[in-house]
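Here is the structure we will look at, set down as structure tokens.
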Amino acid sequence: MDDPPDIFRIVLDAGLRIPLKARVVNPPLACRTMVVTKGTEGIKEIKEFKDKRKLLEGRGVRIIDMPFSPSPRLAGLATPLPMGEGMGMRVRERGGFDWQILWSKLTTPDGNYHGITSILVEGGLKTWEAFHRAGLVDEEVTMVGG
């Protein structure tokens, strides 16, 4: 099923470690997915990073390069890493993306991208705490499964 035209998935993945088999970076979801990376800063495998980036962009994934800081406002955000058969979350490196710069990039129109006006954050405890610490939550909804 395709997403409505105003829905995007935003994956915070500093090292571009998202598995190529992940549903979110494959059709039909790829064209509605943005992956935020720190670019090649601190990456040893620059050629592999660039090759993977090119492949993902060819699938329609929008890649956003951001400065990555050891102690930013969103410190400690988890990055997606392969875990077993599927995809899980665990903290790979301390630090994170500066929210003000990221928000500016997400809300600024660019080509056929019109920008966003709000986000829904889904994540584990560390992600949720990071957004709270940064003062980025204006409404909180908690769902509990049984």
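Quick notes on this one:
- Whichever residue in the range 38-55 is of a type outside the set (S, T, N, Q) and in a loop (DSSP other than H, G, I, E, B) and, among such residues, is surrounded by the most Cβ atoms within 10 Å (Cβ to Cβ): Lys38
- Across the range 90-110, the qualifying residues are those that are at pLDDT 70 or above and either assigned to a strand (DSSP E or B) or of a type in the set (A, V, I, L, M) (or both), and the one among them that is surrounded by the most Cβ atoms within 10 Å (Cβ to Cβ) is Gly96.
- Boolean, Gly58 is surrounded by 15 or more Cβ atoms within 10 Å (Cβ to Cβ), of a type in the set (Gly, Ala, Ser), without any contact (Cβ under 8 Å) to a residue 60 or more places away in the chain and more than 25 Å from Leu120 (Cβ to Cβ): no
- Test result for Gly146, among the small types (Gly, Ala, Ser) and either at pLDDT below 75 or in a strand (DSSP E or B) (or both): yes
- Scope the range 51-86; condition modelled with pLDDT under 50 and in contact with a helix residue (DSSP H, G or I) (Cβ under 8 Å, 6 or more places away or on another chain); matching residues: Pro72, Arg73, Leu74, Ala75, Gly76, Leu77, Ala78
- The residue that is surrounded by the most Cβ atoms within 10 Å (Cβ to Cβ), counting only those in the range 116-143 that are modelled with pLDDT of 80 or more and under 18 Å from Val11 (Cβ atoms), is Ile116.
- Among residues of the range 15-35, those that are among the charged types (D, E, K, R) and either modelled with pLDDT under 95 or buried (at least 18 other Cβ atoms within 10 Å of the Cβ) (or both), counted: 2
- Given (1) surrounded by 12 or more Cβ atoms within 10 Å (Cβ to Cβ); (2) modelled with pLDDT under 90; (3) under 23 Å from Thr108 (Cβ atoms); (4) not hydroxyl-bearing (Ser, Thr, Tyr), number of the condition Pro5 does not satisfy: (1)
The values are calculated or read from the model by the stated rules, or taken from the named source; none is laboratory data. This one's a predicted model, so the numbers in the text were calculated from it and none came from an experiment. Neighbour counts are summed over all protein chains in view; Cβ atoms, including those assigned to glycine, are modelled from backbone coordinates with ideal geometry.
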